[in-house]
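S.K.: Below you will find the structure I want to go over with you.
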Protein chains: 2
Amino acid sequence: MAHYVEISDVEDPRVDDFRDLSRADRRPDRPGGRGLVIAEGVVVVERLVASPYPVRALFGVRRRIDELAGQLADLDVPAYVADADVMARVVGFHLNRGVLAVADRAPAVDAADLIAGSRRLAVLEGIGDHENLGALFRNAAALGVDGVLLGPGCSDPLYRRSVRVSMGHVLRVPAAPLTDWPHDLKLLRDAGYRVAALTPRADSVALHAAGLHRGRSAVLLGAEGPGLTEEAIAAADVAVRIPMAGDVDSLNVATAGAIAFHAMSGC
Amino acid sequence: MAHYVEISDVEDPRVDDFRDLSRADRRPDRPGGRGLVIAEGVVVVERLVASPYPVRALFGVRRRIDELAGQLADLDVPAYVADADVMARVVGFHLNRGVLAVADRAPAVDAADLIAGSRRLAVLEGIGDHENLGALFRNAAALGVDGVLLGPGCSDPLYRRSVRVSMGHVLRVPAAPLTDWPHDLKLLRDAGYRVAALTPRADSVALHAAGLHRGRSAVLLGAEGPGLTEEAIAAADVAVRIPMAGDVDSLNVATAGAIAFHAMSGC
């Protein structure tokens, strides 16, 4: 059981993990980065506790910590309790969700293992926006995507904002980087995946005609605006498009991803 | 052609439409409401100019107004030009999009006319969140939905934040209120629409098996969290669900809507 520790002094070093929260999630290989994984709010803290990430501590107002009691039964970490004012002064801003947890990063997943153990994957190129990246993980989790492969130009899915927008699903959908791009897409094809590049190009096939629900498949998504690079599209097996009304530029990338994930799941 | 007017005095009454922008969009039937329709940024201003809403004026830095010159050719309104600092002081905050336009509201669309003239509709209940509402309009526009019917509990789609998140598509996708709820859903059935309520209920039909691309159809969507009311579901012809992975609570309502709109369009 997590053990309650009352915190009344803003300078208490026991809550140092929670200080300067807007930078604590910076990757450990970056200057000043501590690489902590931060969960905000009861629902996301629950997902962190249930994830492979080793939880270091919780910090919250008593009511929120109490709500989590069921999940904390098997967890031997401190649960720091403070009033909302002390919390805000430690963290650096007011948290209306009332509870936080921090964890260390887990060892990286290997792309080859993820490919071998999955049936449906998302492959991202150039998704630098933290909110879009988080929303893609939320949609992947909801729609049965087994894992996410991160090509070049993607931001770190473990940044706090991505964790929050994903509703904590970045903590349970496994993700692995692809380092040799787009050559590594060959790993997918060698494993029997059909790789579908989502692009509005005129020579692409309508999504619902592409049969992505059959066998192993992977959907390749690029950033809103620039879209996928020519190299990535050329390395895919098929180019697919979501049919769009006349003069509309495009859907949000996480929304387009959701439509494609739903199609992979059996539409 | 819109005529350029230089503004250097923050108190200049000619730009009064653009003052206190965070309240200028309040509905005219609410206290202090001026009910102006506000477009922010080049793309959204273009959509406002192309919409049925009567534009009153533009206000921007010269570079952004110049970008719009092609669209302004047939428009006989003032284009107020100021530097970024004067603009920020008039508007009340710094605008990184650099250009605004204001319009009056257009006469409300009649629900019966919208139903008669459409083939695919979205019907919303309890969508109070401005961002979700705006995103639903963006997705409706992209995926060929002809119009939106607004049931009880929906916020005003012409609020500035909805206009912005919709990328201006609230200005071109027609919307009409349904006042007698859920009885008015009968108007749809009388016109030959199949009304599909999107709900995770166990007795619902999987979306891809519901055949929403055949004939006239309408998708009924409720707020994330509470979902549709029992009354609304009972008044629909069929309950449909997006198959979801095990323990995931739900998709964002605009994302769920996009998947359903895509299914209506021919999946």
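The values are calculated or read from the model by the stated rules, or taken from the named source; none is laboratory data. Worth saying up front: this structure is predicted, and the values here are computed from it rather than measured. Counting neighbours? That spans all protein chains shown, and the Cβs are built from the backbone with ideal geometry, glycine included. Quick note on the areas: whole protein, heavy atoms, side chains included, nothing else; ligands and nucleic acids left out. Shrake-Rupley method; radii C 1.70, N 1.55, O 1.52, S 1.80 Å.
S.K.: Can you tell me which residue among A:R63, A:R47 is outside any loop (DSSP other than H, G, I, E, B), without any contact (Cβ under 8 Å) to a residue 40 or more places away in the chain and among the basic types (K, R)?
M.R.: Selected residue: A:R63, the only one of A:R63, A:R47 that is outside any loop (DSSP other than H, G, I, E, B), without any contact (Cβ under 8 Å) to a residue 40 or more places away in the chain and among the basic types (K, R).
S.K.: Which of the residues spanning the stretch B:17-44 are out of contact with any helix residue (DSSP H, G or I) (no Cβ under 9 Å at 6 or more places or on another chain) and not in a loop (DSSP other than H, G, I, E, B)?
M.R.: Across the stretch B:17-44, the qualifying residues are B:R23, B:V43.
S.K.: Condition (residue is of a type in the set (S, T, N, Q), over 9 Å from B:A197 (Cα atoms) and touching a helix residue (DSSP H, G or I) at 6+ places or on another chain (Cβ under 7 Å)) applied to the stretch B:213-225: is it met by at least one residue?
M.R.: Checked the stretch B:213-225: at least one residue is of a type in the set (S, T, N, Q), over 9 Å from B:A197 (Cα atoms) and touching a helix residue (DSSP H, G or I) at 6+ places or on another chain (Cβ under 7 Å).
S.K.: Inside the stretch A:189-208, can you point out the residues that are over 24 Å from the mean Cα position of the chain (by Cα), closer than 19 Å to B:A263 by Cα and among the hydrophobic types (A, V, I, L, M, F, W, C)?
M.R.: Those that are over 24 Å from the mean Cα position of the chain (by Cα), closer than 19 Å to B:A263 by Cα and among the hydrophobic types (A, V, I, L, M, F, W, C): A:V205, A:A206, A:L207.
S.K.: Output yes when any residue across the stretch A:220-237 is open to solvent by less than 40 Å² (accessible area, probe 1.4 Å) and closer than 16 Å to A:S118 by Cα, and no when none is.
M.R.: Checked the stretch A:220-237: at least one residue is open to solvent by less than 40 Å² (accessible area, probe 1.4 Å) and closer than 16 Å to A:S118 by Cα.
S.K.: Which pairs turn up if I take residues in the stretch A:225-239 that are in the same structural domain as A:G151 (by TED's automatic domain parsing) and look for partners that are assigned to a helix (DSSP H, G or I) and among the β-branched types (V, I, T) with beta carbon separation below 8 Å, at least 6 apart in sequence or on another chain?
M.R.: Pairs found: A:A239/A:I233.
S.K.: Looking only at the stretch B:61-76, count every residue that is more than 12 Å from B:E6 (Cβ to Cβ) and open to solvent by less than 10 Å² (accessible area, probe 1.4 Å) and tell me the total.
M.R.: Total satisfying the criteria: 2.
S.K.: Also, quick follow-up: Name the single residue, out of those in the stretch A:121-143 being open to solvent by 20 Å² or more (accessible area, probe 1.4 Å) and in contact with a Ser or Thr (Cβ under 8 Å, 6 or more places away or on another chain), that is nearest to A:L198 (Cα to Cα).
M.R.: Filtering first and then ranking leaves A:G126.
S.K.: Could you list, in sequence order, the residues of the stretch B:9-59 that are among the basic types (K, R) and either within 23 Å of B:A82 (Cα to Cα) or in the same structural domain as B:G134 (by TED's automatic domain parsing) (or both)? Full working, then the answer.
M.R.: Step one: of the stretch B:9-59, the residues among the basic types (K, R) are B:14, B:19, B:23, B:26-27, B:30, B:34, B:47, B:56.
Correct list: B:R14, B:R19, B:R23, B:R47, B:R56.
S.K.: Continuing with this model, one more query. Exactly one condition in (1) modelled with pLDDT of 90 or more; (2) surrounded by fewer than 18 Cβ atoms within 10 Å (Cβ to Cβ); (3) under 26 Å from A:S166 (Cβ atoms) is false for A:A263; which is it?
M.R.: Just one mismatch for A:A263, condition (2).
S.K.: Six or more apart or on different chains, Cβ under 8 Å: which pairs go from a residue in the stretch A:1-24 that's at pLDDT below 90 to one that's loosely packed, with under 11 Cβ neighbours inside 10 Å? Could you list them?
M.R.: A:M1/A:A73; A:M1/A:D74; A:M1/A:D76; A:A2/A:D76; A:L21/A:F93; A:S22/A:F93; A:R23/A:G32
S.K.: Hey, could you check the stretch A:13-43 for residues that are open to solvent by less than 10 Å² (accessible area, probe 1.4 Å) and of a type in the set (A, V, I, L, M, F, W, C) and say which is farthest from the other protein chains (Cβ to nearest Cβ)?
M.R.: So, considering only residues that are open to solvent by less than 10 Å² (accessible area, probe 1.4 Å) and of a type in the set (A, V, I, L, M, F, W, C), the one farthest from the other protein chains (Cβ to nearest Cβ) is A:V15.
S.K.: Is it the case, given these coordinates, that A:G211 is assigned by TED's automatic domain parsing to the domain that holds A:E131, touching an Asp or Glu at 6+ places or on another chain (Cβ under 8 Å) and either within 29 Å of B:A263 (Cβ to Cβ) or touching a residue at least 12 places away in the same chain (Cβ under 8 Å) (or both)?
M.R.: no
S.K.: Let me ask something additional. Can you name the number of the only condition in (1) under 19 Å from A:G117 (Cα atoms); (2) open to solvent by 50 Å² or more (accessible area, probe 1.4 Å); (3) touching a strand residue (DSSP E or B) at 6+ places or on another chain (Cβ under 6 Å); (4) of a type outside the set (V, I, T) that A:R201 fails?
M.R.: (1)
S.K.: A follow-up question, please. Which of (1) at pLDDT 95 or above; (2) open to solvent by 10 Å² or more (accessible area, probe 1.4 Å); (3) out of contact with any Gly (no Cβ under 6 Å at 6 or more places or on another chain) is the odd one out, the single condition B:A79 does not satisfy?
M.R.: (2)
S.K.: While we're on this one: Among what's in the stretch B:176-187 and is under 20 Å from B:L133 (Cβ atoms) and either more than 21 Å from the chain's Cα centre (by Cα) or not polar (S, T, N, Q) (or both), pick the residue that is surrounded by the fewest Cβ atoms within 10 Å (Cβ to Cβ).
M.R.: This residue is B:P177.
S.K.: To continue, here is another question. Out of all the residues in the stretch B:106-120, is one or more surrounded by fewer than 21 Cβ atoms within 10 Å (Cβ to Cβ), in contact with a helix residue (DSSP H, G or I) (Cβ under 7 Å, 6 or more places away or on another chain) and free of Cβ contacts under 8 Å to residues at least 40 places away in the same chain?
M.R.: no
S.K.: Please go through (1) closer than 18 Å to B:A111 by Cα; (2) open to solvent by less than 60 Å² (accessible area, probe 1.4 Å); (3) within 14 Å of chain A (Cβ to nearest Cβ); (4) in contact (Cβ under 8 Å) with a residue 40 or more places away in the chain for B:L149 and return the number of the only condition it doesn't satisfy.
M.R.: Only one criterion is unmet by B:L149, namely (3).
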